[in-house]
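To start, the structure under review is shown below, and the notes come after it.
Values in this text are rule-based calculations from the coordinates and carry no lab data. Because the structure is predicted, anything quoted here is derived from the model rather than measured. Neighbour counts are summed over all protein chains in view; Cβ atoms, including those assigned to glycine, are modelled from backbone coordinates with ideal geometry.
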Amino acid sequence: MGTMSGKGKYAIDTSPKVHDEVKHTTCYMCACRCGIKVHLQDGRIRYIEGNRDHPVNKGVLCAKGAAGIMNHYSPARLTKPLIRVGERGKGEFREVEWEEALAVIARWLGEVRQSDPRKLAFFTGRDQSQALTGWWAQQFGTPNYAAHGGLCAVNMAAAGFYTIGGSFWEFGEPDWERTRYFMMLGVAEDHHSNPIKIGLGKLKGRPPERDAKFVSVNPVKTGYSAIADEWLGIRPGTDGLFVLALIHELLRADKIDLPFLVRYSNAPWLIVQDPGGATDGLVARDDQGRPLCWDTATNKTASALSPEVKPAMVGQFKLPDGRRVAPVFHLMAARYLDPQYAPEEAEKQTGIPAETIRRIASEMAHAAFDQEIVIETPWVDWAGRRHDRFVGRPVSILAMRGIAAHSNGFHTCRAIHLLQILLGSIDTPGGFRYCAPYPKPVPPRQRPTGRTHEIVPGHAMPGPPLGFPSGPEQLLVEPDGRARRIDKAFSWEAPLAIHGLMHMVIANAWRGDPYPIDTLFLYMANMSWNSSMNTSGTMQMLTDWDGATGNYKIPHIIYSDAYYSEMVAYADVVLPDTTYLERHDCISLLDRPISDADGAADGIRQPVLKPDRDVRPFQDVLLDLGARLGLPGMVDEFGGPKYPGGYPDYIVNHERRPGIGLLAGWRGILGEHQGKGPVNPRQIEKYKQNQCFWRHELADNQKFYKHANRAYLEWATQMGFIDRPEQVVLNIYCEPLQRFRLAAEGHGPLQPPVALRQRVATYCDPLPIWYRPTVDEEIAPTSFPLHAITQRPMAMYHSWGSQNAWLRQIHNANRLFINRRTAQWLNIGDDDWVWVISHHGRIKAQARLMDGVNRNTVWTWNAVGKRAGAWNLAPDAPEVKRGFLLNHLIPELIADRNGGLLPNADPITGQAAWYDLRVRIEKALPEEAGETVPQFDPPNAPPNQAPAPSILRYGAHFRGRPGEDIPPAGPVTEPRS
Amino acid sequence: MHPALSVIIFTSVTGAGYGLLGLMCALAAFGILPGNRLFGLAGFVLSFGAIATGLIASTFHLGHPGRAWRALSQWRSSWLSREAVLSILTFGPSLWLAKGWILDGADPAAAPWRWYGLATAALSLLTVISTAMIYASLKPVPRWRHPLVMPAYLLLGLATGGLWLNVLLHGFGLAIDDLAGAVTVALLLAWLVKIAYWYSIDRAPGRYTAEHATGLWSQGSVRQLEAPHVQDNYLLREMGYQIARRHAGRLRRLALLAGLGGPIVLTIAAALLPRWGAFALSVPAAGLAIAGVLVERWLFFAEAKHVVTLFYGAERA
Amino acid sequence: MTSVPHRTAKKLGLVIDLDICVGCHACAVACKEWNSGGHMAPLTDENPYGADPLGVWFNRVHTYEAGVGGNSRTVHFPRSCLHCEKPACVEVCPTGASYKRAEDGIVLVNEDLCIGCKLCSWACPYGAREYDYDSGTMKKCTLCVDRIYNENLEEAERVPACVSACPVSARHFGDLGDPNSDISELVREREGYDLMPEMGFKPVNKYLPPRPRRNKVGDTGAPAALDSAAPLSATHGAETSSNPLLRWVDRALSR
Ligand SMILES: Nc1nc2c(c(=O)[nH]1)N[C@H]1C(S)=C(S)[C@@H](COP(=O)(O)OP(=O)(O)OC[C@H]3O[C@@H](n4cnc5c(=O)[nH]c(N)nc54)[C@H](O)[C@@H]3O)O[C@H]1N2
Ligand SMILES: Nc1nc2c(c(=O)[nH]1)N[C@H]1C(S)=C(S)[C@@H](COP(=O)(O)OP(=O)(O)OC[C@H]3O[C@@H](n4cnc5c(=O)[nH]c(N)nc54)[C@H](O)[C@@H]3O)O[C@H]1N2
Ligand code: SF4
Ligand code: SF4
Ligand code: SF4
Ligand code: SF4
Ligand code: SF4
Ligand SMILES: [Mo]
């Protein structure tokens, strides 16, 4: 009993008990990974709240996070391993014991591994344990591994890693506290959901004397854009030109940070100017491979890495061997000063008035150079020179999928980074800041593995499947140029596909191009629905029959999900996972950590409740399978499982390299080391005692200029983030791209197939370019005058949210939002039903008119539409009848100029070009109103799926009121040692 | 506002019941009605029956009908509570009067019975007034907070009650010449008030707009882009009811026909006919009037706009 | 007797900043979550996985567009009980189930007294009352009365769930009756306003209006456009104008 307040019949208990126990863990209602406190009472979740001590969310919680209870108790949870008995896609399963399911899989995979390990394609979706899954694939011996990055925002990651050694996404962040000018391009929500919101709140709450301007560049004015000081409703796919026009303006006015460029970027490096020659466009290097610059002190070339040189930034010079060279800066400035990048030209494509572009450039320059920030902390640079203070250019930028999800996104993002470099605002106070373990060398040193000699049946691969090629010889291609990976990553079609092309796996496997596979193993990816392009086609491919073999075209499909998603019905074996509150997870610095700009951090998830179903954490299952298959690193010397304690055992005891494991905190027997150090058997306990995370705050002198800050670089080396404490040089000029281009021009031993040469030569430009989205080549834009894009609703996570009784009330049907004037012109009114037609297909949806959207753009919320029968929703749920996906309209393949088929993706990174979609809209007939198209027959429910309750009185129990339907109260766990 | 059947029946039938009760008792107190026991019995049964039916119907609107007695407690501030208290208070003098009239054969025009009669009449009027005030006091529903709402309730209650009284009088062959005339006038007056009300609300498109509701005047015209939840919530189910103008127009004519035209013609015709003929016409007159009022009440709800709908995309309220 | 107290010792309430609310619904769901097990539990959801889900929510977030064309403004607008000083919801309640606490001004419903007549919801212009068809009673925002004084919670957690969840800090909680409180200060500074003051309910909660946009020349102190860089030293003379690159020739830069 708590404390009563009020009188008589109005006396109430203002201090009711709210928990028996509070458990800290990490949220997984999305990939942001906020710290949470789960309040447990009577073995049930009373409530979940944000952890105030956690570096990511500092106590706040988003809508999804607060609705975690309803995902945990979702009636769509899988309850037992399943093996398909009927036709694929029909949802006909029998329940089996784990032993049987694992034995079947071990048999399939065992055979594959002994014959051709590449016939296993292992792709993991919203996976947060890539440090495990990638390693597992490597041990299995297949290069055909990737997570969802390729369909997500690999353009941002690749452009960042090849330019500044860090990236937007969650690998860096704006200096929210200090920035005076913040530009956000193409962000609706981002992975950093809560940090961005916290940051925007801070930024908008500044006192007038330090106020900051927030500009949002986005075709749609909702969410963050709604609170921006200025909204630029750009035409989709044209940001590159907008940014290059800003660069044009800054160069024209000489409002750039030249000293910053000289010190920290490859602007002074000399580039060979030898058109047609084999070294044209490459960096001129000395005999030790060091890049050269032109030293104005000696009027000779000198190592550009030497701290003593006084490099020329413009001019044409001659190398001793007679080749002509020019500094990167010269080439760059010459290119962008060209009138083709003038604001007037940009206006024609972007729809943003030239005047506005000029003003924005002026405002950026004003913030960067007239509002310089100084932090009086002495620091020492990479060359040992002492600086009295950190000087900051308080302009910061954040960009995400509005840039990424276009086929020109890599270059656009490179252009954005170039802009940041020119302003001198990379890792300076008020600018963009790296989050550990970044920055890394440009590009990071890891190469992809999977060349012919690296794949040996029955053996592990010598390195991880994914990496960062820096030239043709590091691609994974056959001598004739064909791709070696099933998704064609690291091939001439997508040389820098550093996250793979998950979106191409099913289509390629179905076509047997480049080769057929035996087993498709998917984890946490709803590939028959919202994460595929051409969804209807994908559903057919998954069930398509091969007459010759009498088997499915993709013979085996193994899938792990926690819920009855659309994908489950297509699996042959279903491995039911736990919910995020029932397992250990690891948020590792080897993967996608939770660091912030001021400190490195990682964390874990711990089981808060015991499963009440026959489910197992997928990571445990993967290690178990590894042991059954005898994979190196997963069996001990006697052939038994090396990690009998499952994933927690692995988290603690696995070492990737000596002293480096999944977690950086409390290493060493006494927990005395961080970063590198011997295994600590009690490490997980330490994490649990520390609210499930570890964070190390950088010293003040390490916090900025990390790319060139000796104290930081030395610490990062100690931690194992980088190999040597060397300066990370920002790459305005991307030499690896020029190497691919040279190959396309006929140089070197490895050259692209003839059909792809022009494409490689065009797109592999070492300086940022802008071009129209590639799909525009296939279609007549006049027939499809509108751009169609999606946005993430803040209160929904992809497809998972729809099973959540609370969240689905917020979004369970979606509309096609159309600009009011455009709609008037098309004679479409609010609530009208319309056909949305692309060159690939047509869907039907209901319209909603609005003002705050670019006139050439229509949009909708992502992944709200559901297939009937999935997620234990009623077959007539609004998600089914009035929800829709744009995915049906987006082809995964597009025809190129030569009639060949190429992925609908960025030609450099293979990033899925979701937002290149062009459509036209036709009003539906009155009798067509009422239901979205397409509709699909519902698959069966899994055996023994409990019916969804028709009324939910969650929480009545805590007030001692009867009549609660859920949950089946799961016991609170005893902590696992 | 959502036209809930329970509330419609409640207001129209209890209105008629109290009209009948009040009229009967007042006329009896003044000796205008004969003190006939059987007549008294029929009158009380009919009026109490109507009142009870209405009150019982109203409890269907309640989430906890069993606790309805609690509604008696807040008479100092709540019109609903006042209505409840008054309706119960009315039973005091009226039951006493009924006992005297029916069981004791007392003369209702004689003291002390006439005082009970007058008290009953006054309480009946007040009850109907408080029923009306439940609605007429609600600022968020401008079409209810209208000066003609209370008079309309009162007059319609009296007129429909009067028609039933007429039925009884014809039935007992006790017709009073002027009553039919008076009831006709009341009916006419009631519907005139109602017509004036309709006229008035049609001319006033609604004082409040989404800009009022959100206070976002300075930003320009305000439109809802997205509702908080896709499906209608309680508020919209309860207050978001909308009726097409065309539809309302038709129903108004129907209400007038049933509530006014029919009863007047029948009442006048009845006055010209002998007892059983008159009785035969007066019943449908009263019945039609109730039907008319039911339609009117339905419209009273359906046409009322709650300002909360402004948050949900309504243009005016 | 529950007629509204003349004065309350405190006027606890919320202040919602429409200038920075991003419409994320975090407050709405956090409210649902806390209160699902709280003072008015449960917040029943009917048909939760079906065609027409209907749930009880104490806080709902609308999205409006105001103004027209490209200059329109998208405004996210959370809406919950305003804990009015003159709450008609309390006045009309026939049972005394609705009441306003004299100690802090919080407007509550005693569910055990409520007959579910729904009149209070008709009387509230702000749509703050939520009828639970299943329990047959009226429910509403409690201002988290079971959190803000709760001794089982850490001090810092004794704020409404919606306030503690809001990631952009668009929600503030405090005593609006105390002119010196931070929250009163904020209301003064940002010219916080009442919703529909013409109703005369005197809401305690205030909304902070969207601030003017800074999207015109001069708003940040920067000029409308950058001037072209000045021509270079005489040594380069005429060449400069034809080749803008030359302006960087003579820079003495060291690494
Ligand atoms: N039109 C359009 N399509 C898009 C996008 C877009 O913007 N527009 N965005 C793309 C992007 S960026 C992405 S990342 C993808 C995302 O698409 P998906 O990766 O398919 O994402 P989800 O819908 O989140 O589905 C992942 C699956 O994980 C399951 N799951 C949830 N929790 C667990 C768990 O704990 N364990 C296991 N084993 N499974 C679990 C869910 O039930 C679901 O089936 O969508 C892409 N598709
Ligand atoms: N609540 C929630 N959070 C999520 C997710 C979720 O599903 N729900 N998903 C997570 C995942 S997997 C990802 S990848 C991230 C993605 O997070 P975001 O990058 O925010 O992803 P989108 O929702 O695709 O938003 C893209 C934005 O770009 C705009 N846009 C589209 N085309 C263009 C263009 O050409 N130029 C410009 N300037 N803008 C454009 C769109 O209008 C939209 O606002 O979010 C993560 N966080
Ligand atoms: S942003 Fe929300 S859903 Fe994602 S981890 Fe954080 S609280 Fe959870
Ligand atoms: S907002 Fe509505 S429910 Fe809340 S106190 Fe005011 S009138 Fe009552
Ligand atoms: S519904 Fe309950 S709280 Fe509301 S007025 Fe009726 S009795 Fe009072
Ligand atoms: S104060 Fe509490 S009950 Fe009221 S809206 Fe906020 S969270 Fe909900
Ligand atoms: S949590 Fe904050 S930002 Fe999000 S909708 Fe609520 S008030 Fe707005
Ligand atoms: Mo993504």
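Quick one: go through region A:383-398 and flag any residue whose amide nitrogen is under 18 Å from the point 7 Å out along the Cα-to-Cβ line of residue A:376. Only A:387-392 fall inside the zone, counting backbone N under 18 Å.
Around the Cα centre of region A:239-342, unit charges on the Cβ atoms of Lys, Arg, Asp and Glu (plus for the first two, minus for the last two) sum to a dipole of about 180 debye.
Membrane-span-like helices in chain B, defined purely by DSSP H runs whose alpha carbon atoms cover 24 Å or more axially and whose average Kyte-Doolittle hydropathy reaches -1.0, are B:5-29, B:37-59, B:79-98, B:113-136, B:149-171, B:177-203, B:275-302. To the nearest 10 degrees, how steeply does helix C:26-36 sit against the main Cα axis of chain C, on a 0 to 90 scale? Relative to chain C, helix C:26-36 is tipped by roughly 20 degrees.
For residue A:660, the residues 5 or more places off, or on other chains, whose built amide H falls under 5 Å of its own are A:677.
Per residue of A:941-953, other chain Cβ atoms within 10 Å of the residue Cβ number 4 on average.
The residues neighbouring residue A:776, those whose beta-carbon lies less than 9 Å from its own, together hold a net charge of -1 under the Lys/Arg +1, Asp/Glu -1 convention. Taking every residue in B:65-77 and counting other chain Cβ atoms within 10 Å of its Cβ, the average works out to 6. For the peptides A:142-153, A:777-788, residues were scored by their other Cβ atoms within 10 Å and the scores averaged per peptide; the highest-first order is A:142-153, A:777-788.
Cα centroids of region A:201-250 and region C:36-105: 33 Å apart.
Here the protein assembly as shown yields Rg over Rh of 1.05, to two decimals, using C-alpha coordinates and the Kirkwood radius.
Cross-link partners of residue A:300 among lysines, defined as those whose alpha carbon lies under 25 angstrom from its own and excluding same-chain residues fewer than eight positions apart: A:310, A:318. Listed values for region A:858-871 are Karplus-derived 3J(HN,Hα) couplings in whole Hz (6.51 cos²θ - 1.76 cosθ + 1.60, θ = phi - 60°), namely 10, 8, 8, 6, 7, 6, 7, x, 10, 7, 4, x, 8, 6, and x replaces Gly and Pro.
When each of the peptides B:126-134, C:124-132 is scored by how many other beta carbons lie within 10 Å of its residues on average, the order from highest to lowest is C:124-132, B:126-134.
Classify region C:12-208 as rounded, prolate or oblate, taking a ≥ b ≥ c as the square roots of the eigenvalues of its Cα gyration tensor: rounded when a/c is under 1.5, otherwise prolate if a/b is larger than b/c and oblate if not. Rounded is the answer for region C:12-208, as its axis ratio a/c remains below 1.5. Counting only Cβ charges, +1 for Lys and Arg and -1 for Asp and Glu, the dipole size of region C:118-240 around its Cα centre is about 500 debye. Is the shape of region A:447-524 rounded, prolate or oblate, going by the alpha carbon gyration tensor and its root eigenvalues a ≥ b ≥ c, with a/c under 1.5 for rounded and a/b larger than b/c for prolate? Judged from the Cα gyration tensor, region A:447-524 comes out rounded (a/c under 1.5).
Of all lysines in the structure, those lying under 24 Å Cα to Cα from residue A:923, and not within fewer than 8 positions of it along the same chain, are A:844, A:866, A:881.
The C-alpha atoms of region B:5-312 occupy a region whose extents along the principal axes are 72, 43, 28 Å, arranged from largest to smallest.
Mean partner shielding of peptide A:8-21, defined as the number of other chain Cβ atoms within 10 Å of each residue Cβ, is 5.
Couplings 3J(HN,Hα) of region C:14-24, computed from phi: 10, 10, 10, 8, 6, 6, 10, 5, 9, x, 7 Hz, in residue order, whole Hz [Karplus 6.51 cos²θ - 1.76 cosθ + 1.60, θ = phi - 60°; x for Gly and Pro]. Net charge dipole, the protein assembly as shown: roughly 2520 debye, given to the nearest 20, about the Cα centre with Cβ charges of +1 for Lys and Arg and -1 for Asp and Glu.
Each part gets one Cα centre, and for region A:93-158 versus region B:1-50 those centres are 81 Å apart. Region A:325-403 to region A:637-660: how many Å between their Cα centroids? When both Cα centres are located, 47 Å separates them. Over chain A, Cα pairs under 8 Å with separation of 6+ residues give a relative contact order of 17 percent.
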